[in-house]
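Worksheet: the structure to be examined is printed underneath.
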Amino acid sequence: MSLEERRTLAAWARPAEMDLFDAMHLADQRHGLDVVAHLRRAGVRDRDVLAAGLLHDCAKGDTGAGPRVAWSLGEAFGPLIPAAARVPGWAAALDRIRDHATASADALASAGLPPRAVDLVRYQDAPRDPEYGARFHAADEAC
């Protein structure tokens with residue numbers, strides 16, 4: 001993240017949101033910043049939606065590159081997860097990736113984010129929000 005990105009983020013993100021962001025894996029920080037930029041380009045100005053975009057993967061943790069790649073390939077080309085889970089050390093990481101939407105939403109709720117942000121994160125793969133859900137999901141997929 002550039003110094004300019006950090007300044008811009010610090011200007012609108014609440015302290016609890018910055019704490020969650022700072023605890024995220026670097027790859028998830030970059031992805032969150034990219035999702036926020038995509039949402040802004042799509043005309044989204046609601047700060048709670050932007051916070052959800054920034055933090056939607058905050059509970060993935062340090063899963064390692066291998067499990068992340070296996071998960072992405074499995075989503076794109078079919079179920080690789082059972083085979084990948086047999087790689088020593090990968091099962092827990094794959095579980096974190098699988099469960100990250102719920103865990104991330106719970107982290108946002110614990111940090112005091114509003115229900116809309118929590119729900120956007122919880123249902124990131126099956127959007128329910130009629131105003132922002134589809135745009136949120138599209139931004140996540142595009143980045």
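The values are calculated or read from the model by the stated rules, or taken from the named source; none is laboratory data. Remember, it's a predicted structure, so these values are computed and weren't measured experimentally. As a convention, Cβ positions derive from the backbone with ideal geometry for all residues, glycine included, and neighbour counts pool all protein chains shown. What goes into the accessible areas is simple: the full protein's heavy atoms, side chains included, and nothing from ligands, DNA or RNA. Shrake-Rupley method; radii C 1.70, N 1.55, O 1.52, S 1.80 Å.
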The conditions are (1) free of Cβ contacts under 8 Å to residues at least 12 places away in the same chain; (2) more than 30 Å from Pro130 (Cβ to Cβ), and Ala84 fails exactly one of them. Which is it? (1)
Which members of the range 18-47 meet the condition of being of a type in the set (D, E, K, R) and free of Cβ contacts under 8 Å to residues at least 60 places away in the same chain? Asp22, Asp28, Arg30, Arg40, Arg41, Arg45, Arg47
Any residue in the range 6-19 that is among the polar types (S, T, N, Q) and open to solvent by 20 Å² or more (accessible area, probe 1.4 Å)? yes
On the given criteria, is Gly53 over 20 Å from Glu141 (Cβ atoms) and under 11 Å from the mean Cα position of the chain (by Cα)? no
Give the range 11-22 a look and list any residue that's part of a helix (DSSP H, G or I) and closer than 20 Å to Pro114 by Cβ, or say none. Ala11, Trp12, Pro15, Ala16, Glu17, Met18, Asp19, Leu20, Phe21
Quick check on His100: is it part of a helix (DSSP H, G or I) and closer than 13 Å to Asp140 by Cα? no
Pick out, from the range 27-88, the helices (runs of 4 or more DSSP H) lying fully within it that include 1 or more residues that are open to solvent by less than 50 Å² (accessible area, probe 1.4 Å) and of a type outside the set (A, V, I, L, M). 47-55, 65-77
Filter the range 93-118 down to residues that are under 19 Å from Asp28 (Cα atoms) and not aliphatic (A, V, I, L, M), then give me how many there are. 8
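Can you spot a residue in the range 113-129 that is in a helix (DSSP H, G or I), out of contact with any strand residue (DSSP E or B) (no Cβ under 9 Å at 6 or more places or on another chain), of a type in the set (Asp, Glu) and modelled with pLDDT of 95 or more?
yes
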Residue that is nearest to Gly53 (Cα to Cα) [pool: residues in the range 90-137 that are small (Gly, Ala, Ser) and in contact (Cβ under 8 Å) with a residue 24 or more places away in the chain]: Ala117
Being touching a helix residue (DSSP H, G or I) at 6+ places or on another chain (Cβ under 7 Å) and of a type in the set (Asp, Glu) narrows Asp99, Asp119, Asp95, Asp129 down to just Asp129
Can you pull out every residue in the range 130-143 that is assigned to a helix (DSSP H, G or I) and open to solvent by less than 70 Å² (accessible area, probe 1.4 Å)? Gly133, Phe136, His137, Ala138, Ala139, Asp140, Ala142
